[in-house]
Every structure is written in C-alpha cells, then in structure tokens.
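Report on one structure; see the data block that follows.
The values are calculated or read from the model by the stated rules, or taken from the named source; none is laboratory data. These numbers were taken from a predicted model, which means no experiment stands behind them. Positions of Cβ are generated from backbone atoms using ideal geometry, with glycine treated the same way; all protein chains shown enter the neighbour counts. Accessible surface areas use protein heavy atoms only, side chains included; no ligands, DNA or RNA. Shrake-Rupley method; radii C 1.70, N 1.55, O 1.52, S 1.80 Å.
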Amino acid sequence: MSSRLLSAVALLLLASSAAIAAEGRPNIVFIFSDDHAYQSISAYGSKINETPNIDRLAREGMRFDRCYVTNSLCGPSRACILTGKYNHKNGFLQNVGQKPFDGSQVTCPKLLQQAGYQTAIVGKWHLGS
C-alpha cells in the first residue's frame, strides 16, 4: 500500500470516529503494514525513505518501539493479532493450502464493537474468509 493511500485511509478512519472522541474515548487507528521493516519509516530513523504522514501519526499518537511477532508469515501473524492467540490455538498456521480463518472466534475488532467503537479493516486480508 502506498504511503499516500495509507495516509488517506488513516485520515478517513480518524474523521469517521470523531463522534466517539467526543464521548471522551480515544480514537484508535491500527496500521499494520506487511513486509515494512522499521528501517523503511523515517519516524524510526530511516535515512533513505521520507514518510511524513506516518511520522506525524507516530508523533501525535502512539508508536511501538519494541514490537515482536509470534509468526513472521503475514496471514498467521494477522490471525495472532486479531485473536490474541498463538497459531496452534487460532487455527491459522500458514498462508496457503489451509482452511480460511475461523471468524467465529473472539477478535479485537469484535471486542471494540462491544465497547461501542465502529471498526473497519481496510486493505490486505490474507486470511481467506
């Protein structure tokens, strides 16, 4: 996803959640980019790329400085983040040749919806469901 498109999506999500912010709860925008090492973002010290919109989000929001993954494959990593479970528990073990992600599990977006948040997932899914 290009940084221009990513910025547009982030701004759209922020604008659509203004009503929740008025209630005193924080807006939450979780940006998960695939194969995007920290060295590729200037907010993390890149000397090659300039990413001013992502840098602004990092300055004005929250930035993960020590983030580790349970699985380096994109689909299984997404399944872990969504469910909070290791892959052998959430059932999504690899990118290809398996059943789709079991969407009946408890996920972060479902919990946020129960708390009154409007949620959306935009972009690459890689979970086959």
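Observations, loosely collected:
- Residues of the range 84-129 satisfying the condition of being over 23 Å from R25 (Cβ atoms) and open to solvent by less than 30 Å² (accessible area, probe 1.4 Å): N87, N90, F92, F101, Q105, L127
- Screening the range 79-95 for residues that are within 12 Å of G128 (Cα to Cα) and in a loop (DSSP other than H, G, I, E, B) and picking the one that is modelled with the lowest pLDDT gives N95.
- Looking only at residues in the range 20-74 that are among the β-branched types (V, I, T) and open to solvent by 80 Å² or more (accessible area, probe 1.4 Å), the one that is modelled with the highest pLDDT is I48.
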